[in-house]
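Beneath this line is the structure, given in structure tokens, with notes to follow.
The values are calculated or read from the model by the stated rules, or taken from the named source; none is laboratory data. Model, not experiment: these values are computed from the prediction. Don't worry about glycine lacking a Cβ; one is built from the backbone with ideal geometry, like all the others, and counts go over all protein chains shown.
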Amino acid sequence: MGKSTCFHLPNTNLMGVGSLSNLGKELVALGYKKALIVTDKNLVKLGHVGKVEQILKDNNIAYTIFDGVERPNPNVTFVENGYKYIQDERNKAISPTYDFVISVGGGSNHDTARSIAALATNGGSIVNYEGSNKFTKPILPWVAVNTTAGSGAHVTMFNIITDDSRKTAMTISDPKLLATLTVDDPELQLSMPREVTISSGIDVLAHAVEAYVALNATPFTDALALGAIKLVFNNLKRVAVNGNDLETRENMAYATDMAATAFNNAGLGHTHTIAHQIDGASYRHHGLTTGALLPYVLEFNAPSIPVQRFIDMAIAMGETGVTGFNAVETVLTAIRKFNETLGIPTDLSELGAKDEDIKYYAEMALKDISGSANPRQATLEDMIQLIRTCMGVESSQKPGWEQDKQFDPIAMLANNAERLSANDLNVDRT
Ligand SMILES: [Fe+2]
């Protein structure tokens, strides 16, 4: 049965090699006069912020710089400092006042920037807006110049800010948090260190896979998610070997935006709800956590995912000889091998997760709105067991989902019989 859906995307998205050169004329067309640049000191040093400054100068747009994003997984303090900064400048009655915010960087800088833009018009503390659709007023227009291939935050309405007091990364979602204009120029990504390239790139895979199996997936998001999976498998290892390969960087930029647009509309799942708890406590790169979690969570979700979805993903990953009987194992093995080649941790124990906090992680993960489209309903006990498994903690009790015999392929196929033709079960879809 069909259902009514709604698709969200930033208004204008400049993409591909050289797209930064078109930023100036787009800003002029929007009529902006004064920018707050939100970034970090490293990107100032690398010269990326200087390129944006030059574009603003060339087009007679005034600006000041807030470079207070001090680490990945930005926290409430960075947002509060930026909010104070924008208020201080206004109090000095500098004319014209800020009429837009422009972020230069990856997800951390984008999320800090849009949080500042949201508070500039809505007021209060960012903590007050955790959850969905809490903003009452449009945010100050936000322009995002992206320099990484990972979070895709520049094209989404999902804002992730760490609340250190609760050791959790809050999810704040609202269509008002979409950028007015984005730039994703792979030339800005040539400077990404190898480790960041890998950890960001594996997060793209987690986005695409979670979106493809999410409850709110549509044919529109499916095409983007599968396309992104294919691009990641064809390009991430290559770019890890040669970070100066511009064509490969460009392919990863497209994969990033496609996967992010897919999950922005289809939703994510428990790879991200659990990752947000570990990220909130460890400050390690988010992509390492989602990369480590993805095969475990997909395994947990498998009984609730139509097997055809696994067949489709396996083919997108370049696997051959895929049938309904081997598709789940084929996908899980392909992801695990891919992770191993790239050096992604095999479990959460080396990412700062602590045994004594497992119950807290589980409780907080179940409250995270990122999990609302997860294909399999999880109880608190399920979540505790899943996190224990992801941490490599031995358990005397067999996880509930193993007791369910989830990998009985006959049962899985029977569950999904209405979605499959006999052809799907037997044909080698290479
Ligand atoms: Fe992510």
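Descriptive notes on the structure:
Yes/no per residue for (1) crowded, with 19+ Cβ neighbours inside 10 Å; (2) modelled with pLDDT of 90 or more:
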{"residue": "Leu43", "(1), (2)": "yes, yes"}
{"residue": "Leu46", "(1), (2)": "no, yes"}
{"residue": "Lys92", "(1), (2)": "no, no"}
{"residue": "Val101", "(1), (2)": "yes, yes"}
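- The range 119-136 - residue that is in a loop (DSSP other than H, G, I, E, B) and out of contact with any Asp or Glu (no Cβ under 7 Å at 6 or more places or on another chain) and, of those, farthest from Ile86 (Cα to Cα): Glu130
- Scanning the range 318-334 for residues that are over 16 Å from Asn301 (Cβ atoms) and either at pLDDT below 95 or surrounded by fewer than 18 Cβ atoms within 10 Å (Cβ to Cβ) (or both) returns Gly318, Thr320, Gly321, Phe325, Asn326, Thr333.
- Only one of Ala169, Ala217, Ala149 that is more than 19 Å from Ala240 (Cα to Cα), within 16 Å of the ligand (Cβ to nearest atom), of a type in the set (Gly, Ala, Ser) and in contact with a helix residue (DSSP H, G or I) (Cβ under 6 Å, 6 or more places away or on another chain): Ala169
- Unique match (being within 16 Å of the ligand (Cβ to nearest atom) and either under 20 Å from Tyr83 (Cβ atoms) or in a helix (DSSP H, G or I) (or both)) among Ile160, Ile116, Ile139: Ile160
- Hey, Ala113 in contact (Cβ under 8 Å) with a residue 24 or more places away in the chain and either buried (at least 24 other Cβ atoms within 10 Å of the Cβ) or not assigned by TED's automatic domain parsing to the domain that holds Leu27 (or both) or not: yes
- A single entry from Thr256, Thr290, Thr221, Thr323 fulfils the requirement of being farther than 25 Å from Ser191 by Cβ, under 18 Å from the mean Cα position of the chain (by Cα) and among the β-branched types (Val, Ile, Thr): Thr221.
- With respect to the stated conditions, Ala169 is under 21 Å from Thr290 (Cβ atoms) and outside any loop (DSSP other than H, G, I, E, B).
- Of residues in the range 237-286 being within 16 Å of the ligand (Cβ to nearest atom) and outside any helix (DSSP H, G or I), the one nearest to Leu380 (Cα to Cα): Gly269
- Those strands (runs of 3 or more DSSP E) lying entirely in the range 9-75 with at least 3 residues among the polar types (S, T, N, Q): none
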